[in-house]
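The values are calculated or read from the model by the stated rules, or taken from the named source; none is laboratory data. Worth saying up front: this structure is predicted, and the values here are computed from it rather than measured. Just the protein is used for accessible areas: all its heavy atoms, side chains included, with ligands, DNA and RNA removed. Shrake-Rupley method; radii C 1.70, N 1.55, O 1.52, S 1.80 Å.
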Amino acid sequence: MAEGGGGDPPQKEDPELEKQLKVIEDEGNEIASRFQQNVSQELTSHLAKLEEEFRSAFDDRVKKVTSQCKAQQSEEMTKKQTDILRTNRVFREISRPLGDKWKPVFESLISDLSPEQKRLELEKVEREKPFMQSYKSLMTWKEIRGESFDIRQLLPALRDAGLEELAQKTLSILDSDKDALLSFSSDGSKPPSSVGTSGTQPKTPSLSSASASLPASAAAPGDGSGHNKRTVNAEEVLDDRHLLQIAKKLGGDWEPLANGLGVSGGEIAEIIESEGKTYQGGFKMLWNWRESKTDLSEGLGTLTQQLKAINRMDAVQLLQ
């Protein structure tokens, strides 16, 4: 008997079995591939949905915040505008009756300044024409305070000067309804329109007398029967609002009109030095000129004539 080696003899490979295993493996790979593809598609879809939801929520939040910011800005602007209108109205209405009593009020308002500063500020106000000094003192106080300006500080200053009636008037303006204030012009602070050189009311025509004897250019067209349909009132036409509109029309080219109105060269030079050749300078010139007039009807005719003389019919239309 021949001697044999140890262990089992090697088994023969079964081709059929290998074939079946290969099929199973291929099917498994295909299933895994499809599963991976489906999972990837679902994940991509889910991520896209999440991204869209996030973007939508973010956009909504941005819109909400933007809307809130705009509302807040609008409210702040309205409040700022209202504060400006209140201040302008106080300055206009208080400076008239304040007249030559402005100095103790002004000194109280700037009491925290050094003696030298107070002296300089007083001299600056006193360089103005007497009828402008009360208004100028209030504007100077406002400029000195800058961002810390508080119109309510005027109340104790008026009371300390024994002007309780003006303090109450100021308080009533500050308590005015916002909508009522917004109906006023917001062109900015304007000087008082009828304060005389002694702090009293100048002799200006009454409403009825100012309407009488107007030049033809200042009256409305007639109806052919010798009666005017409407008569222009000189006091209304030469109010601050109309003078400001004329000044804006003229822009910096107001000097020829000033010469025609008889404004002195010294005054023109002074206005140019302080305001420049701007519409603000033109307004100051017109305002000073109007305050020098005792007959506004005659003044209206003169202004109309001089505007025509310099060929500014666009400004003439504002007087009709």
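Pairs over the 18 Å Cα-Cα cut-off, from the set Lys136/Lys277; Lys129/Lys284; Lys124/Lys248; Lys249/Lys293; Lys103/Lys124; Lys129/Lys248: Lys136/Lys277; Lys124/Lys248; Lys249/Lys293; Lys129/Lys248.
Taking a ≥ b ≥ c as the square roots of the Cα gyration tensor eigenvalues, with a/c under 1.5 meaning rounded and otherwise prolate when a/b beats b/c, else oblate, which class fits the range 121-166?
oblate
With distances taken between every two different alpha-carbon atoms, the range 240-298 has a Kirkwood hydrodynamic radius of 11.3 Å.
With all protein chains in place and a 1.4 Å probe, the accessible surface of the range 244-320 carries 44 percent carbon and sulfur.
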